[in-house]
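The values are calculated or read from the model by the stated rules, or taken from the named source; none is laboratory data. Because the structure is predicted, anything quoted here is derived from the model rather than measured. Every residue, glycine as well, gets a Cβ built from its backbone with ideal geometry; the counts of neighbours run over all protein chains shown.
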Amino acid sequence: MDRIAFILDASDEIEKKGWCSQAFPSPLFALLFPDGLFQAAKIYTDWINSQTMQELEREDVSNLKTFAKIRLGVLTRFKILMPHKQIEKSIFYYLLKHPKNVTFLYKIVDDLWYFAGDKSLDHNFYTKRLILSGVYTSCFMEFLKSDSSLESIEKKLDLRLLQVSKIPSIKEKFKSLLKIRI
């Protein structure tokens, strides 16, 4: 059996019990995921990442600026996540207790920056990913709300991107105020 199909088939149990061994009572779980729940979460998340990138590859982004590509990437990811909201919630709460959880977020934002064409190799590489992590996390918190919709996530994303777009002008004002070079 396909591992993703196995997880998706268990979505009702995951919704009731969370991301835990009780949600996967079948002995097949141990065969499909010998390293347990974390491995299952990683495989599922990698699948979502792959679905997102496949969807984005179908888009003509040749005339889009980087900012618009990032926006498209984030919205596409949430469009893909929406039918799997309960699984996402359960994995999120499970990963809060796991020390390697940051690798999941890093992979998401790194993929999005790769899609947007980021080729930076200096400190901007890390700064961009850190900033997008905050934007994405804010949108994910909106996604977790029971009454959230793609429209509410889009509004949150646009607000956060507007705030981020002001960083360069704030930096310039700060530099002129202190009369130093940063």
Scanning region 70-87 for residues that are over 23 Å from Glu57 (Cα atoms) and touching a Phe, Trp or Tyr at 6+ places or on another chain (Cβ under 8 Å) gives Lys85, Ile87
Exercise. Does region 51-59 include one or more residues that are crowded, with 17+ Cβ neighbours inside 10 Å, modelled with pLDDT under 95 and not charged (D, E, K, R)?
Worked result: no
For region 65-81, pairs from a residue that is within 13 Å of Thr52 (Cβ to Cβ) to a residue that is assigned to a helix (DSSP H, G or I) and hydroxyl-bearing (Ser, Thr, Tyr), with Cβ under 9 Å and 6 or more apart or across chains, are Gly73/Thr52; Val74/Tyr136; Thr76/Thr52; Arg77/Thr52; Arg77/Tyr136; Lys79/Thr52; Ile80/Thr52; Leu81/Thr52
Among residues of region 2-45 being charged (D, E, K, R) and in contact with a helix residue (DSSP H, G or I) (Cβ under 8 Å, 6 or more places away or on another chain), the residue surrounded by the most Cβ atoms within 10 Å (Cβ to Cβ) is Lys42
